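**Student:** First, the structure itself, so that you have it in front of you.
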Amino acid sequence: MAPIVVLDAQLRHLYVNPAWVRVSGLPATAFLGRTLGEVLPDLQSPDDILFEVLADGQPREAAIAGTTGVSSPLGQRLWRAVYHRVDLPGRDACLCGIGVEISNLRRYLDDLETAHQRLALLDAAATRVGTTLDIETTCQELVDFLAPSLADMAAVGIVEEEFTGAPVPPPGFLRLRKAGGSAPPGMEWVLRQLGGPGPYVDVPRGVATRQCLDSGRPWLGNLASDELFQKVTVDPERTKIFRAAGIHSFLIAPLIAAGRPVGVVLLGRAGASQPFDDDDLVTIQALADRAALSIDSARRYSYEHTMALELQRALLSEPRTPHPAVEVAARYLPSGRSVLVGGDWYDSIPLPDSRTLLVMGDVMGHGFQAAVAMSQYRSLLRTIAASGAAVDKILSEFDRQVAHLGLDRLATCLLAVMDPGTGTCTASSAGHLPPAVVRPDGNIEVLWLPAGPPVGTGLGGYESLTVRMDRGTTLLLYTDGLVERRDTDIDISVQALETLSLPADGPLDDMLDTLLARLANGACEDDVAILAARKRDGSK
């Protein structure tokens, strides 16, 4: 049954039907002779529209929103009504209104709009949070997104499990490392003082942050009292900081990945901002769940990257000491954080007759497996090289044994034997980039020698090239990370070496530093390994 009302020219009620009585919770007599605003002040009356209907007689629709004396699970209610002018003989014009409640439809549309907004936020977060594999960057991206989108201030702490260089937290305490914060101008001081002056916060049990991490559920404190604020911070005195900044509500959300906490994000609203509601809680927890995966991936990558790099450096070490007549220098430069360390290696191996074998290799792939494979290949090559065979023969045997052992990673390899006695260098390549020589005047020349298949194919078929090494000439061996660039053919990149000029009369270390500064430029797309060798001055 639809509510029906009849109003006079002053919008006073002349009649209300039983349906409107049930909706309003008031008897019909309470309406008679009074306007809607006088009877139900919490309802918005569309008076302007009603006067227009009285003036021109054209029926119009109007909305009535608000609350009545009858409670509703929908909260604010909404009716859509149609008003007609009624002209009676001998009386002023009056209005007849017939309404229908559309609160459920309005609630549905509001929920739908909220869902759309939530999805839009999650989509935006997917492109703005977790753009790198760096923990600090990921955390800062998260708080920069949350504030001001969903809060006035935001801070994130990461659960710290290793305490290198810092004292162990007291028993029962959980250490959080401050990893990012965001606040509007004028509130930055709150972030600086929030957890104390240090980079860590040791959180005891009973604090809201700890409860959130232990339970895996968010903690909400809207329009918080001083007593409730004291549960947010380790130091109760810091409640004064919140009050001074005008913060009235807090939401703490755990960052959970693979069923374990990796951190926590704390959000605050201040001033005229509304307290957090249920929709905020759902949205923020969904964002926290996504961010937790990115942060956990960044943390695991950082750990694996550090371990792999340390492993490779330990395995790589320094090349063996060459014969006294040859001096060598080497550099290893890991790639950027976009990939794990690779399998580059270099070596210098003394041979009979005062000769020195120089090695440059690159195992395909990255990470622990590539680093371990590099160590295996390096050891195997040292054993084979002890025979003193020619470089092409060493490569053939190297290739045969790698294939026979079933090592599943191919490798490129360049061998060069420097013979100070004859003033020559003999080189052979297994799919590796050609060596280069730096002449005494600093000019570079690439030695284009035949390149056989990579090591591990079992195909063999390597050739060698012998060149003169005049006094003051330096041999350069390198991996592709030194010259390879996106969208540029590798042969063109190698040829570009010949456009450079290097200091040839100083220490080899200076020469390599200059080469790296000009080509690598601190942003290598792949690992870089370089080995330089030349005959010592005064040697025969």
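The values are calculated or read from the model by the stated rules, or taken from the named source; none is laboratory data. Keep in mind that this is a model prediction, so the values were computed, not measured. Cβ: placed from backbone, ideal geometry, glycine included. Neighbour counts: every protein chain shown.
**Student:** Working only within the stretch 216-233, note down all residues that are in contact with a strand residue (DSSP E or B) (Cβ under 8 Å, 6 or more places away or on another chain) and not β-branched (Val, Ile, Thr).
**Tutor:** 216, 217, 218, 219, 220, 221, 222, 223, 224, 228, 229, 231
**Student:** Are any residues in the stretch 229-257 of a type in the set (D, E, K, R) and either outside the structural domain of residue 153 (by TED's automatic domain parsing) or closer than 12 Å to residue 209 by Cα (or both), and if so, which ones?
**Tutor:** Hit for the stretch 229-257 is 231, nothing else.
**Student:** In the list 250, 242, which residue meets the criterion of being in contact with a strand residue (DSSP E or B) (Cβ under 7 Å, 6 or more places away or on another chain) and either within 23 Å of residue 141 (Cα to Cα) or not small (Gly, Ala, Ser) (or both)?
**Tutor:** When all the criteria are applied, what remains is 250.
**Student:** Next question, about the same structure. Considering only residues that are among the small types (Gly, Ala, Ser) and closer than 14 Å to residue 96 by Cα, which ones fall in the stretch 56-65?
**Tutor:** Selection gives 57, 62.
**Student:** Taking residue 226, is it at pLDDT 90 or above, acidic (Asp, Glu) and in the same structural domain as residue 296 (by TED's automatic domain parsing)?
**Tutor:** So residue 226 fails the test.
**Student:** Right, next: Going by what's in this entry, would residue 151 be described as in a loop (DSSP other than H, G, I, E, B) and within 27 Å of residue 272 (Cβ to Cβ)?
**Tutor:** Taking the combined requirement at face value, the residue satisfies it.
**Student:** Let me ask you something else. Specify the residue that is nearest to the chain's Cα centre (by Cα); the eligible residues are those in the stretch 216-233 that are surrounded by fewer than 18 Cβ atoms within 10 Å (Cβ to Cβ) and not in a loop (DSSP other than H, G, I, E, B).
**Tutor:** Restricting to residues being surrounded by fewer than 18 Cβ atoms within 10 Å (Cβ to Cβ) and not in a loop (DSSP other than H, G, I, E, B), the top hit is 228.
**Student:** Give the residue, chosen from 412, 424, 457, that is crowded, with 20+ Cβ neighbours inside 10 Å and assigned by TED's automatic domain parsing to the domain that holds residue 348.
**Tutor:** 412
**Student:** I'm checking my understanding of the structure. Among residues of the stretch 8-56 that are touching a residue at least 40 places away in the same chain (Cβ under 8 Å) and touching a Gly at 6+ places or on another chain (Cβ under 7 Å), which one is surrounded by the fewest Cβ atoms within 10 Å (Cβ to Cβ)?
**Tutor:** Looking at residues that are touching a residue at least 40 places away in the same chain (Cβ under 8 Å) and touching a Gly at 6+ places or on another chain (Cβ under 7 Å), I get 25.
**Student:** Here's something else I'd like to know. Determine whether the stretch 16-24 contains at least one residue that is within 56 Å of the chain's Cα centre (by Cα) and modelled with pLDDT under 95.
**Tutor:** The answer is yes; a qualifying residue exists.
**Student:** Also, quick follow-up: Taking the stretch 462-490, which residues are touching a residue at least 60 places away in the same chain (Cβ under 8 Å) and in a loop (DSSP other than H, G, I, E, B)?
**Tutor:** Scanning the stretch 462-490 gives 462, 463, 469, 471, 472, 473, 479.
**Student:** Taking the stretch 260-281, which residues are outside any loop (DSSP other than H, G, I, E, B) and over 21 Å from residue 177 (Cα atoms)?
**Tutor:** Hits for the stretch 260-281 are 269, 270, 278, 279, 280, 281.
Rundown of residues vs (1) farther than 22 Å from residue 288 by Cα; (2) in contact (Cβ under 8 Å) with a residue 40 or more places away in the chain, yes/no style:
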{"residue": "197", "(1), (2)": "yes, no"}
{"residue": "207", "(1), (2)": "no, no"}
{"residue": "212", "(1), (2)": "no, yes"}
{"residue": "216", "(1), (2)": "no, yes"}
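**Student:** Here are 131, 127, 137: which of them is within 19 Å of the chain's Cα centre (by Cα), farther than 28 Å from residue 244 by Cα, modelled with pLDDT of 85 or more and in the same structural domain as residue 282 (by TED's automatic domain parsing)?
**Tutor:** The conditions single out 137.
**Student:** Of all residues in the stretch 1-52, count the ones that are within 14 Å of residue 66 (Cβ to Cβ) and part of a strand (DSSP E or B).
**Tutor:** So the answer is 2.
**Student:** Sticking with this one: Scanning for something surrounded by fewer than 23 Cβ atoms within 10 Å (Cβ to Cβ) and assigned to a loop (DSSP other than H, G, I, E, B), does the stretch 282-301 turn up at least one residue?
**Tutor:** no
**Student:** Identify the single condition in (1) buried (at least 16 other Cβ atoms within 10 Å of the Cβ); (2) over 52 Å from the mean Cα position of the chain (by Cα) that residue 68 does not satisfy, given that it satisfies every other one.
**Tutor:** (2)
**Student:** Moving on. Test residue 352 against the criterion of being out of contact with any strand residue (DSSP E or B) (no Cβ under 9 Å at 6 or more places or on another chain) and modelled with pLDDT of 80 or more, and give yes or no.
**Tutor:** Considered against the rule, which asks whether it is out of contact with any strand residue (DSSP E or B) (no Cβ under 9 Å at 6 or more places or on another chain) and modelled with pLDDT of 80 or more, residue 352 comes out as yes.
**Student:** Taking the condition within 27 Å of the chain's Cα centre (by Cα), in the same structural domain as residue 300 (by TED's automatic domain parsing) and closer than 25 Å to residue 283 by Cβ, does residue 157 pass?
**Tutor:** For residue 157, the condition - within 27 Å of the chain's Cα centre (by Cα), in the same structural domain as residue 300 (by TED's automatic domain parsing) and closer than 25 Å to residue 283 by Cβ - is met.
**Student:** In the list 88, 105, which residue meets the criterion of being at pLDDT below 80, under 30 Å from residue 11 (Cβ atoms) and surrounded by fewer than 16 Cβ atoms within 10 Å (Cβ to Cβ)?
**Tutor:** The unique qualifying residue is 105.
**Student:** Restrict the check to the stretch 464-481 and report whether at least one residue is modelled with pLDDT of 90 or more, surrounded by fewer than 19 Cβ atoms within 10 Å (Cβ to Cβ) and of a type in the set (A, V, I, L, M, F, W, C).
**Tutor:** yes
**Student:** Could you list, in sequence order, the residues of the stretch 234-259 that are loosely packed, with under 13 Cβ neighbours inside 10 Å and within 24 Å of residue 298 (Cα to Cα)?
**Tutor:** Once the filter is applied, which keeps residues that are loosely packed, with under 13 Cβ neighbours inside 10 Å and within 24 Å of residue 298 (Cα to Cα), the stretch 234-259 yields 258, 259.
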